[in-house]
Amino acid sequence: YFFVDKVTRRILGEVLTPEPSGASQNILIWQSPAAGLPAPEQYCTVSADGLAVTADADWQAREINDLRAAAMAALPAWEATERAAGIDHAGRRWRTTPAALQDIRDVLLLAGTGAVSEWRDDTGAAVPMTFDALRALWGACITRGMQIDARRHDMEQSIATMTRAQLEAFKPGWPAKP
C-alpha cells in the first residue's frame with residue numbers, strides 16, 4: 001500500500017517491508033516518481049495510524065551517531081581489561097590489577113630505599129626482588145599505562161571520522177602487527 005506525506009499529501013511510495021505496529025517506526029519504502037525525491041529507497045517514519053509518513057532525511061546521520069556512540073562506549077571496558085591484563089618485564093609476567101599496582105606503590109612509598117626481599121609474579125611464584133628492581137617494574141607498569149592511554153586516545157580520534165562500514169566493523173584493540 002502507499003503512504004502519503006502528512007503535510008504535502010504527495011504520495012511518497014509503496015511500503016516494501018510492511019510491519020504492522022501500534023507505534024511509529026522506520027521502514028524502507030520505494031519512492032514514487034510523484035515524490036520527487038532523488039533516492040530510489042529511503043527510510044521514513046510511519047505514524048501509528050499507518051497512513052502517513054514523514055520523510056526522515058536525517059536517519060542515516062542519527063544511525064551513524066548511534067554507531068559512533070556505541071564504539072566510544074566500548075573503550076572504557078577495553079581500557080580496564082588492558083590495564084589489568086598483566087605486563088611482561090625482566091623475563092616474567094607480572095600482575096597489573098589495581099590491587100597489585102597499589103601494593104607496588106605502597107612498598108615503594110613505605111620502604112624508601114630499604115630492602116625488598118621478594119615479589120610475586122603473575123603465577124604467584126616468589127621472585128627475589130630488590131628495591132631498584134621493584135622501582136623498574138613500577139616504571140614498566142607506568143610505561144604500559146601510558147601506551148594504553150595513547151591507544152585509547154588514537155581510537156577516540158579514529159572513531160570521530162569513521163565511516164558507517166568502519167563503525168560497524170570496529171572492535172577496540174591494538175593495531176595488527178605487520
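The values are calculated or read from the model by the stated rules, or taken from the named source; none is laboratory data. As the structure is a prediction and not an experimental result, all values here were calculated from the model. For neighbour counting, all protein chains shown are included, and Cβ atoms are generated from backbone atoms with ideal geometry for every residue, glycine included. Protein only, heavy atoms only, side chains kept; ligands, DNA and RNA dropped before computing areas. Shrake-Rupley method; radii C 1.70, N 1.55, O 1.52, S 1.80 Å.
Applying the criterion of being part of a loop (DSSP other than H, G, I, E, B), loosely packed, with under 15 Cβ neighbours inside 10 Å and not small (Gly, Ala, Ser) to the residues of segment 94-121, the residue that is modelled with the lowest pLDDT is Thr113. Does Ala74 count as part of a helix (DSSP H, G or I) and open to solvent by 50 Å² or more (accessible area, probe 1.4 Å)? The answer is no for Ala74.
Here Thr143 meets each of (1) within 26 Å of Asn65 (Cβ to Cβ); (2) open to solvent by 50 Å² or more (accessible area, probe 1.4 Å); (3) at pLDDT 95 or above with one exception, condition (1). The residue pairs whose first member lies in segment 127-151 and is at positive phi and in a helix (DSSP H, G or I), whose second member is crowded, with 16+ Cβ neighbours inside 10 Å and modelled with pLDDT of 95 or more, and whose beta carbons are closer than 9 Å, counting only pairs six or more residues apart or on different chains, do not exist in this structure. Selection over segment 152-173 of residues that are closer than 22 Å to His89 by Cβ and either open to solvent by 70 Å² or more (accessible area, probe 1.4 Å) or part of a helix (DSSP H, G or I) (or both) gives a count of 1. On the given criteria, is Arg83 charged (D, E, K, R), out of contact with any Gly (no Cβ under 6 Å at 6 or more places or on another chain), touching a residue at least 40 places away in the same chain (Cβ under 8 Å) and surrounded by 10 or more Cβ atoms within 10 Å (Cβ to Cβ)? Criteria met by Arg83.
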